Amino acid sequence: MTPTQVKALRRRLGLTQSRFADLVGVHVVTVKKWETGAQGMRATADRLIRLLLAQKAPERRRTRRRGGREQ
């Protein structure tokens, strides 16, 4: 994950850096380093964050347009 992706995902989940760090099991300084690109992320952390996102992200809702077609 890129630093921009980490920050965007954390924000999408509505988490502070501190809460995100708690959920992932790392120090808040580590999250700050990930988001600035000062430190790379290990593969296990990357997978954990992706799983967290999959569990916390709301499902996309389909809406119907006129004529009965789904968007």
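For region 1-35, which residues satisfy the criterion of being assigned to a helix (DSSP H, G or I), closer than 18 Å to GLN55 by Cα and either of a type in the set (Lys, Arg) or out of contact with any helix residue (DSSP H, G or I) (no Cβ under 7 Å at 6 or more places or on another chain) (or both)?
Hits for region 1-35 are GLN5, LYS7, ALA8, ARG10, ARG11, ARG12, ARG19, ASP22.
Would you check if GLY25 is modelled with pLDDT of 85 or more, over 11 Å from the mean Cα position of the chain (by Cα), exposed (fewer than 12 other Cβ atoms within 10 Å of the Cβ) and not polar (S, T, N, Q)? Break it down into steps so the answer makes sense when it comes.
On the way: modelled with pLDDT of 85 or more: yes; over 11 Å from the mean Cα position of the chain (by Cα): yes; exposed (fewer than 12 other Cβ atoms within 10 Å of the Cβ): yes; not polar (S, T, N, Q): yes.
Judged against the criteria, GLY25 is a match.
Checking the conditions here, which among ARG19, ARG10 is at pLDDT 90 or above, surrounded by 11 or more Cβ atoms within 10 Å (Cβ to Cβ) and under 11 Å from the mean Cα position of the chain (by Cα)? Let's see the steps before the verdict.
On the way: ARG19 fails: under 11 Å from the mean Cα position of the chain (by Cα).
Result: ARG10 is the single residue among ARG19, ARG10 that is at pLDDT 90 or above, surrounded by 11 or more Cβ atoms within 10 Å (Cβ to Cβ) and under 11 Å from the mean Cα position of the chain (by Cα).
Among the residues of region 36-46, write down those that are surrounded by 11 or more Cβ atoms within 10 Å (Cβ to Cβ) and in a helix (DSSP H, G or I).
Kept after step one, since they are surrounded by 11 or more Cβ atoms within 10 Å (Cβ to Cβ), are these residues of region 36-46: 36-41, 45-46.
Those that are surrounded by 11 or more Cβ atoms within 10 Å (Cβ to Cβ) and in a helix (DSSP H, G or I): THR36, ALA45, ASP46.
The values are calculated or read from the model by the stated rules, or taken from the named source; none is laboratory data. Please read these numbers as outputs of a predicted model, since none were measured by experiment. As a convention, Cβ positions derive from the backbone with ideal geometry for all residues, glycine included, and neighbour counts pool all protein chains shown.
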